[in-house]
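**Q** I have a structure here, written as structure tokens, and I will follow up with some questions on it.
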Amino acid sequence: MNTELIERIKELKEERNAIIMAHYYQIDEVQAVADYTGDSLGLSRKAAETDAEVIVFCGVDFMAESAAILSPDKTVLLPEIDAGCPMADMVSVDALRQKKAEYPNATVVCYVNSSAAVKAESDICCTSSNAVDIVNSIDNDQILFVPDQNLGNYVSQQTDKEIILWEGFCITHHRVKSNSIEKVRELHSDAEVLVHPECRQKVVELADFVGSTAQILKYAHESKAEKLIVGTEMGILYQLQEDNPNKEFYILNQGLICQNMKKTSLSNVLKALEDNKYQITVEEEVRVGAKRSLDKMLELSK
Ligand code: 13P
Ligand code: SF4
């Protein structure tokens, strides 16, 4: 059944001059059928430079929205319209405007896990790959960082700047508690622990390595350790195992599943290509503002 689906997806992809892009948290079958898999920074870069006419974005809505912002002439499809990011919904334009009024001199850095309208209201975007470099590149000592308090907190440990935090968080990563690291260290004293900066500060402090999904993949590949424990969404295990068939990987915590990332299946990737569903567009005035913030980030992380 899957073979038929995959064949049909490949045919339609050719016919429509489409590219399938997938985040590392997608289910294994979707990552396997993708032309490009990546972290949020890699996916934004690819969306900005691809020659394909159609981008099928297997991820969550803000990612497809970023592709539509960067490539307005392309058809951007999100196969599962309900795939959202609860953290992105934790900051609204109105709330951000109020906070900006409290800190009129702050530069607003917004994590890409945010709506187009919030990006348009910000000065520059960042991802978890480049957040520290972006903040350090800013010629201002006061930064308002939205919406992830954990990533913001991680950045504040690596910079002398004053970071004003927002109270958002990723419902998946925020669930991990520091005692999970203590427990796995007892069970696997020879393993390295790698975590995402969306985890709480106490978890980050106890880890051997902290990085975005792409940075975790790179570190795991280069590490001499044969056993590695990852504190990020479990979809990353697919690429970790592909890249390192002789290493052992464990997930730090059983709850590390993002339900929104798991909504996309091979059948709705096919439907997306067949029925042009669901097309993501961004109102032009917002798009131009959001593009300015994304372009500044991409320029700084070449
Ligand atoms: P990265 O892939 O950029 O590390 O992002 C993690 C994430 O939570 C995406 O929603
Ligand atoms: Fe949002 Fe967290 Fe899911 Fe990423 S893993 S899409 S930040 S809820």
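Where a number appears in this text, it was derived from the coordinates with a stated rule and is not lab data. This structure is a prediction, so every number in the text was calculated from the model and none was measured. Neighbour counts are summed over all protein chains in view; Cβ atoms, including those assigned to glycine, are modelled from backbone coordinates with ideal geometry.
**Q** Given +1 on the Cβ of Lys and Arg, -1 on the Cβ of Asp and Glu, and no further charges, what dipole in debye does the chain carry about its Cα centre, rounded to the nearest 20?
**A** That gives a dipole near 400 debye.
**Q** Provide the net charge surrounding residue 201, with neighbours chosen by a C-beta distance below 13 Å and charges set as Lys +1, Arg +1, Asp -1, Glu -1.
**A** Combined, the nearby Lys, Arg, Asp and Glu give 0.
**Q** Still on this model: Can you work out the FRET efficiency for the pair residue 99 and residue 175, with r the C-beta to C-beta distance and R0 = 25 Å, to the nearest 0.05?
**A** Working from the Cβ atoms, E equals 0.45.
**Q** Oh, and also: For region 50-111, which GluC sites (Glu not before Pro) are in a loop by DSSP, counting at most 16 other Cβ atoms within 10 Å?
**A** Answer in residue order: 53.
**Q** To continue, here is another question. State, in angstrom, two size descriptors of the chain derived from its alpha carbons: Rg to one decimal place and Dmax to the nearest whole number.
**A** Rg, Dmax (Cα atoms, Å): 19.0, 58.
**Q** Next question, about the same structure. Cα-based Rg of region 173-251 per 2.2 N^0.38 Å, rounded to two decimals?
**A** Normalised Cα radius of gyration, region 173-251: 0.98.
**Q** Okay, moving on. Provide the net charge surrounding residue 149, with neighbours chosen by a C-beta distance below 11 Å and charges set as Lys +1, Arg +1, Asp -1, Glu -1.
**A** -2
**Q** Could you compute the FRET efficiency for residue 73 and residue 224, with r as their C-beta to C-beta distance and R0 at 41 Å, rounded to 0.05?
**A** FRET efficiency, residue 73 to residue 224: 0.35.
**Q** Which one, 174, 55, 27, is farthest towards the positive end of the dipole of the chain when Lys and Arg carry +1 and Asp and Glu -1 on their Cβ?
**A** Farthest towards the positive end: 174.
**Q** If you don't mind, another one. Sum -39500 (n - 2.57) across every DSSP H segment of at least 4 residues in the chain, then divide by the residue count to get the 222 nm mean residue ellipticity, nearest 500.
**A** -12500 deg cm²/dmol
**Q** Given the alpha-carbon gyration tensor of region 181-302, what are the semi-axes of its equivalent ellipsoid in whole angstrom, ordered largest first, with each equal to the square root of 5 times an eigenvalue?
**A** Value: 33, 20, 14 Å, ordered largest first.
**Q** Could you tell me which of 211, 290, 163 has its Cα farthest along the dipole of the chain towards the positive end, charges placed at Cβ (Lys, Arg +1; Asp, Glu -1), taken about the Cα centre?
**A** 163
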